[in-house]
1. Would you kindly find the accessible area of Val254, with a 1.4 Å probe and non-protein molecules such as ligands, DNA and RNA excluded, rounding to the nearest 10 Å²?
2. Does the stretch 122-221 come out rounded, prolate or oblate, given a ≥ b ≥ c as the square roots of the eigenvalues of its C-alpha gyration tensor, rounded meaning a/c under 1.5 and, failing that, prolate meaning a/b above b/c?
3. Gain in length, Ala145 to Glu20, computed as 0.36 nm per residue apart minus the alpha-carbon separation, to one decimal in nm?
4. Using modelled amide H (1.01 Å from N, peptide plane; none on Pro or chain starts), what sits under 5 Å from the amide H of His134, excluding residues fewer than 5 places away?
5. What number, in percent, do you get for the relative contact order of the stretch 117-167 if the mean sequence gap of Cα pairs under 8 Å and at least 6 apart is divided by its residue count?
6. Can you give me the relative contact order of the stretch 158-274 as a percent, contacts being Cα pairs under 8 Å and 6 or more apart?
7. What are the residues whose amide H is under 5 Å from the amide H of Leu211, where those residues sit 5 or more places off or on another chain and H is modelled from the backbone?
8. Which of the aspartates and glutamates could be linked to Lys103 by a straight reach, that is with a Cα gap under 18 Å, when you skip same-chain ones fewer than 8 residues away?
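The values are calculated or read from the model by the stated rules, or taken from the named source; none is laboratory data. Predicted model, so just to flag it, every value in this text is computed and none were measured. Please note that ligands, DNA and RNA were not included when accessible areas were found on the heavy atoms of the full protein model with its side chains. Shrake-Rupley method; radii C 1.70, N 1.55, O 1.52, S 1.80 Å.
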Amino acid sequence: MNDYERIARVIRYLDGHHTEQPDLAGLARQAGLSPFHFHRLFTNWAGVTPKDFLQCLTLVHVKESLRHGASVLDSALDAGLSGPGRLHDLCVRLEAASPGEMKTGGAPWMMAAGFAASPFGTCLIAESPRGICHLSFVEEGDEDAAWAGLQKDWPNARRRRNDAALARIADQIFKRPGHGDSRVALRALVKGTAFQVRVWRALLEIPAGRLTSYGRLAALAGQPAAARAVGTAVGKNPLAYLIPCHRVIRETGVIGDYRWGRIRKQAIVAWESARNPPRPLPAAESIGVLV
(Lines give C-alpha, C1' and ligand atoms only; values in the text may rest on other atoms or scores of the structure.)
Protein backbone atom coordinates (compact mmCIF):
# COMPACT_ATOMS: atom_id res chain seq x y z
CA MET A 1 0.00 0.00 0.00
CA ASN A 2 1.50 3.36 -1.04
CA ASP A 3 1.04 6.66 0.76
CA TYR A 4 -1.90 7.77 -1.34
CA GLU A 5 -3.75 4.49 -0.82
CA ARG A 6 -3.39 4.90 2.94
CA ILE A 7 -4.67 8.48 2.76
CA ALA A 8 -7.57 7.44 0.51
CA ARG A 9 -8.53 4.71 2.99
CA VAL A 10 -8.64 7.31 5.76
CA ILE A 11 -10.78 9.69 3.70
CA ARG A 12 -13.11 6.85 2.75
CA TYR A 13 -13.42 5.92 6.42
CA LEU A 14 -14.26 9.51 7.32
CA ASP A 15 -17.02 9.54 4.72
CA GLY A 16 -18.93 7.05 6.83
CA HIS A 17 -17.72 7.96 10.35
CA HIS A 18 -17.16 11.72 10.43
CA THR A 19 -20.02 12.23 12.91
CA GLU A 20 -18.03 10.15 15.40
CA GLN A 21 -15.17 12.67 15.26
CA PRO A 22 -12.45 9.96 15.11
CA ASP A 23 -9.20 10.87 16.84
CA LEU A 24 -5.63 10.46 15.58
CA ALA A 25 -5.34 6.93 16.96
CA GLY A 26 -8.52 5.85 15.18
CA LEU A 27 -7.37 7.27 11.87
CA ALA A 28 -3.96 5.67 12.29
CA ARG A 29 -5.61 2.29 12.69
CA GLN A 30 -7.37 2.75 9.36
CA ALA A 31 -4.01 3.43 7.73
CA GLY A 32 -2.45 0.42 9.42
CA LEU A 33 0.15 2.54 11.20
CA SER A 34 1.00 3.71 14.69
CA PRO A 35 -0.23 7.23 15.55
CA PHE A 36 3.37 8.51 15.37
CA HIS A 37 4.08 7.03 11.94
CA PHE A 38 0.65 7.99 10.61
CA HIS A 39 1.11 11.60 11.71
CA ARG A 40 4.54 11.74 10.06
CA LEU A 41 3.38 10.10 6.83
CA PHE A 42 0.32 12.31 6.59
CA THR A 43 2.28 15.49 7.23
CA ASN A 44 4.91 14.55 4.66
CA TRP A 45 2.23 13.79 2.08
CA ALA A 46 -0.13 16.69 2.74
CA GLY A 47 2.32 19.33 3.93
CA VAL A 48 0.11 19.98 6.96
CA THR A 49 -1.01 18.02 10.00
CA PRO A 50 -3.91 15.55 9.75
CA LYS A 51 -6.08 17.94 11.76
CA ASP A 52 -5.52 20.88 9.38
CA PHE A 53 -5.91 18.68 6.32
CA LEU A 54 -9.18 17.20 7.55
CA GLN A 55 -10.51 20.66 8.28
CA CYS A 56 -10.00 21.38 4.57
CA LEU A 57 -12.60 18.68 3.89
CA THR A 58 -15.33 20.42 5.87
CA LEU A 59 -18.32 21.90 4.10
CA VAL A 60 -17.73 25.33 5.64
CA HIS A 61 -14.15 25.43 4.38
CA VAL A 62 -15.15 24.33 0.88
CA LYS A 63 -17.91 26.95 0.75
CA GLU A 64 -15.42 29.62 1.79
CA SER A 65 -13.02 28.47 -0.92
CA LEU A 66 -15.88 28.51 -3.40
CA ARG A 67 -16.69 32.10 -2.45
CA HIS A 68 -13.06 33.19 -2.81
CA GLY A 69 -12.83 31.34 -6.09
CA ALA A 70 -15.77 33.32 -7.43
CA SER A 71 -14.04 36.60 -6.65
CA VAL A 72 -10.88 35.42 -8.41
CA LEU A 73 -12.88 34.49 -11.49
CA ASP A 74 -14.64 37.87 -11.46
CA SER A 75 -11.19 39.46 -11.67
CA ALA A 76 -10.27 37.12 -14.51
CA LEU A 77 -13.39 38.10 -16.43
CA ASP A 78 -12.68 41.80 -15.90
CA ALA A 79 -9.13 41.28 -17.14
CA GLY A 80 -10.22 39.32 -20.20
CA LEU A 81 -9.09 35.92 -18.94
CA SER A 82 -5.58 37.10 -18.14
CA GLY A 83 -5.03 34.07 -15.94
CA PRO A 84 -4.50 35.14 -12.28
CA GLY A 85 -4.25 31.52 -11.23
CA ARG A 86 -1.11 31.04 -13.26
CA LEU A 87 0.82 33.27 -10.85
CA HIS A 88 0.85 30.55 -8.20
CA ASP A 89 0.13 27.42 -10.16
CA LEU A 90 1.29 25.40 -13.13
CA CYS A 91 1.84 27.38 -16.30
CA VAL A 92 0.06 25.34 -18.97
CA ARG A 93 -0.12 26.36 -22.62
CA LEU A 94 -3.11 24.51 -23.98
CA GLU A 95 -3.27 23.88 -27.72
CA ALA A 96 -6.18 22.33 -29.60
CA ALA A 97 -5.59 19.56 -32.10
CA SER A 98 -6.37 20.61 -35.65
CA PRO A 99 -9.14 18.89 -37.64
CA GLY A 100 -6.43 17.15 -39.66
CA GLU A 101 -4.70 15.86 -36.52
CA MET A 102 -7.98 14.56 -35.15
CA LYS A 103 -8.78 12.86 -38.46
CA THR A 104 -5.40 11.10 -38.66
CA GLY A 105 -5.63 9.93 -35.02
CA GLY A 106 -2.07 10.94 -34.22
CA ALA A 107 -0.33 9.62 -37.34
CA PRO A 108 2.60 9.82 -37.96
CA TRP A 109 3.57 10.88 -34.43
CA MET A 110 5.79 8.94 -32.08
CA MET A 111 4.50 9.39 -28.53
CA ALA A 112 6.42 8.75 -25.36
CA ALA A 113 4.13 7.19 -22.76
CA GLY A 114 4.56 5.65 -19.37
CA PHE A 115 3.28 5.06 -15.86
CA ALA A 116 4.48 7.26 -13.02
CA ALA A 117 3.85 7.77 -9.32
CA SER A 118 1.96 10.85 -8.17
CA PRO A 119 0.68 12.09 -4.80
CA PHE A 120 -2.71 10.67 -5.83
CA GLY A 121 -1.68 7.24 -7.06
CA THR A 122 -0.29 5.88 -10.29
CA CYS A 123 -0.90 7.90 -13.44
CA LEU A 124 -0.46 7.27 -17.15
CA ILE A 125 1.06 10.14 -19.10
CA ALA A 126 1.69 10.48 -22.83
CA GLU A 127 3.59 13.22 -24.62
CA SER A 128 3.21 13.96 -28.31
CA PRO A 129 5.49 16.21 -30.41
CA ARG A 130 3.04 19.02 -29.59
CA GLY A 131 2.91 18.46 -25.84
CA ILE A 132 1.30 16.34 -23.14
CA CYS A 133 -1.76 14.73 -24.70
CA HIS A 134 -2.91 12.27 -22.04
CA LEU A 135 -2.93 12.14 -18.24
CA SER A 136 -5.13 9.75 -16.29
CA PHE A 137 -5.07 8.19 -12.85
CA VAL A 138 -4.85 4.40 -12.87
CA GLU A 139 -6.08 2.00 -10.21
CA GLU A 140 -3.90 -0.97 -9.31
CA GLY A 141 -4.45 -3.78 -11.80
CA ASP A 142 -5.98 -1.50 -14.44
CA GLU A 143 -2.75 -0.67 -16.28
CA ASP A 144 -3.65 -2.67 -19.42
CA ALA A 145 -7.06 -1.02 -19.66
CA ALA A 146 -5.48 2.41 -19.21
CA TRP A 147 -2.97 1.71 -21.98
CA ALA A 148 -5.81 0.57 -24.24
CA GLY A 149 -7.64 3.82 -23.48
CA LEU A 150 -4.61 5.82 -24.61
CA GLN A 151 -4.51 3.80 -27.83
CA LYS A 152 -8.22 4.49 -28.40
CA ASP A 153 -7.64 8.25 -27.98
CA TRP A 154 -4.78 8.33 -30.50
CA PRO A 155 -5.24 5.13 -32.53
CA ASN A 156 -2.72 5.82 -35.29
CA ALA A 157 0.13 7.23 -33.22
CA ARG A 158 3.13 5.07 -32.49
CA ARG A 159 3.82 4.68 -28.78
CA ARG A 160 7.14 4.11 -27.07
CA ARG A 161 6.93 3.22 -23.40
CA ASN A 162 9.40 5.19 -21.29
CA ASP A 163 8.40 5.23 -17.62
CA ALA A 164 11.56 7.09 -16.54
CA ALA A 165 11.01 10.00 -18.94
CA LEU A 166 7.36 10.35 -18.04
CA ALA A 167 8.22 10.17 -14.32
CA ARG A 168 10.28 13.32 -14.83
CA ILE A 169 7.28 15.02 -16.41
CA ALA A 170 5.11 13.85 -13.51
CA ASP A 171 7.60 15.46 -11.11
CA GLN A 172 7.08 18.77 -12.91
CA ILE A 173 3.29 18.45 -12.92
CA PHE A 174 2.96 17.54 -9.24
CA LYS A 175 5.88 19.59 -7.93
CA ARG A 176 5.16 21.32 -4.65
CA PRO A 177 5.90 25.03 -5.06
CA GLY A 178 8.34 26.55 -2.60
CA HIS A 179 9.52 30.04 -1.87
CA GLY A 180 11.18 31.46 -4.95
CA ASP A 181 10.45 28.41 -7.09
CA SER A 182 9.84 29.05 -10.75
CA ARG A 183 7.33 26.75 -12.37
CA VAL A 184 8.21 25.10 -15.66
CA ALA A 185 5.86 26.01 -18.50
CA LEU A 186 4.16 22.91 -19.87
CA ARG A 187 2.69 22.42 -23.32
CA ALA A 188 -0.50 20.39 -23.60
CA LEU A 189 -2.51 19.18 -26.58
CA VAL A 190 -6.20 18.27 -26.44
CA LYS A 191 -8.77 16.87 -28.85
CA GLY A 192 -12.23 18.36 -28.47
CA THR A 193 -14.92 20.58 -29.88
CA ALA A 194 -14.43 24.33 -29.82
CA PHE A 195 -16.80 24.52 -26.85
CA GLN A 196 -14.95 21.83 -24.89
CA VAL A 197 -11.60 23.50 -25.48
CA ARG A 198 -13.05 26.83 -24.33
CA VAL A 199 -14.25 25.17 -21.10
CA TRP A 200 -10.87 23.47 -20.54
CA ARG A 201 -9.08 26.79 -21.03
CA ALA A 202 -11.46 28.40 -18.54
CA LEU A 203 -10.55 25.68 -16.03
CA LEU A 204 -6.94 26.83 -16.26
CA GLU A 205 -8.04 30.18 -14.81
CA ILE A 206 -8.95 28.63 -11.45
CA PRO A 207 -6.01 28.94 -9.02
CA ALA A 208 -4.90 26.07 -6.81
CA GLY A 209 -6.76 26.08 -3.52
CA ARG A 210 -9.79 27.81 -5.02
CA LEU A 211 -13.02 26.26 -6.24
CA THR A 212 -15.78 27.33 -8.54
CA SER A 213 -19.24 26.14 -9.51
CA TYR A 214 -20.45 24.86 -12.85
CA GLY A 215 -22.52 28.02 -13.26
CA ARG A 216 -19.54 30.30 -12.65
CA LEU A 217 -17.42 28.26 -15.03
CA ALA A 218 -20.11 28.54 -17.69
CA ALA A 219 -19.95 32.34 -17.33
CA LEU A 220 -16.17 32.26 -17.55
CA ALA A 221 -16.39 30.15 -20.72
CA GLY A 222 -18.75 32.73 -22.24
CA GLN A 223 -21.85 30.50 -21.97
CA PRO A 224 -23.67 31.59 -18.77
CA ALA A 225 -26.81 29.56 -19.60
CA ALA A 226 -24.94 26.35 -20.40
CA ALA A 227 -24.01 24.99 -16.97
CA ARG A 228 -25.17 21.46 -17.87
CA ALA A 229 -23.17 21.42 -21.11
CA VAL A 230 -20.18 22.79 -19.19
CA GLY A 231 -20.51 19.91 -16.73
CA THR A 232 -20.39 17.43 -19.62
CA ALA A 233 -17.27 19.10 -21.01
CA VAL A 234 -15.63 19.03 -17.59
CA GLY A 235 -16.32 15.29 -17.38
CA LYS A 236 -14.51 14.72 -20.69
CA ASN A 237 -11.30 16.45 -19.61
CA PRO A 238 -8.45 14.33 -21.06
CA LEU A 239 -5.71 15.69 -18.78
CA ALA A 240 -6.38 14.83 -15.14
CA TYR A 241 -5.04 17.39 -12.63
CA LEU A 242 -3.18 19.31 -15.36
CA ILE A 243 -6.51 20.77 -16.48
CA PRO A 244 -7.99 21.20 -12.98
CA CYS A 245 -11.53 19.89 -13.42
CA HIS A 246 -11.34 18.80 -9.76
CA ARG A 247 -11.77 22.47 -8.78
CA VAL A 248 -15.37 22.55 -10.04
CA ILE A 249 -18.06 21.60 -7.52
CA ARG A 250 -21.76 22.07 -7.00
CA GLU A 251 -23.23 25.42 -5.93
CA THR A 252 -24.14 23.84 -2.56
CA GLY A 253 -20.48 23.14 -1.75
CA VAL A 254 -20.81 19.38 -2.25
CA ILE A 255 -17.79 18.07 -4.14
CA GLY A 256 -19.70 15.52 -6.21
CA ASP A 257 -18.44 12.96 -8.69
CA TYR A 258 -15.11 12.80 -10.50
CA ARG A 259 -13.99 10.84 -13.53
CA TRP A 260 -11.10 9.34 -11.54
CA GLY A 261 -12.99 8.75 -8.29
CA ARG A 262 -14.71 10.99 -5.74
CA ILE A 263 -12.27 10.06 -2.97
CA ARG A 264 -9.36 11.13 -5.17
CA LYS A 265 -11.14 14.42 -5.90
CA GLN A 266 -11.59 15.05 -2.17
CA ALA A 267 -7.92 14.30 -1.61
CA ILE A 268 -6.76 16.66 -4.37
CA VAL A 269 -9.05 19.49 -3.28
CA ALA A 270 -7.89 19.25 0.36
CA TRP A 271 -4.23 18.77 -0.68
CA GLU A 272 -4.35 22.02 -2.67
CA SER A 273 -6.47 23.91 -0.14
CA ALA A 274 -4.05 23.08 2.66
CA ARG A 275 -1.32 24.89 0.75
CA ASN A 276 -3.46 27.81 -0.39
CA PRO A 277 -6.05 28.48 2.32
CA PRO A 278 -8.46 31.35 1.58
CA ARG A 279 -8.41 32.25 5.29
CA PRO A 280 -7.13 30.75 8.56
CA LEU A 281 -8.97 27.53 9.34
CA PRO A 282 -11.38 27.87 12.27
CA ALA A 283 -9.91 26.06 15.27
CA ALA A 284 -13.28 24.88 16.54
CA GLU A 285 -14.54 23.56 13.21
CA SER A 286 -15.69 19.97 13.12
CA ILE A 287 -13.87 17.47 10.93
CA GLY A 288 -16.84 16.18 8.90
CA VAL A 289 -16.17 15.45 5.26
CA LEU A 290 -18.27 16.00 2.18
CA VAL A 291 -20.61 13.42 0.74
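1. Here the residue's solvent-accessible area equals roughly 40 Å².
2. oblate
3. My answer for the length gained is 41.2 nm.
4. Ala126
5. Computed over the stretch 117-167, the figure is 29 percent.
6. On the way: 98 pairs, mean separation 26.7, N = 117.
Contact order relative to length: 23 percent.
7. For Leu211, the qualifying residues are Leu66, Gly69.
8. Leaving aside aspartates and glutamates fewer than 8 places away in the same chain, those within reach of Lys103 are Glu95, Asp153.
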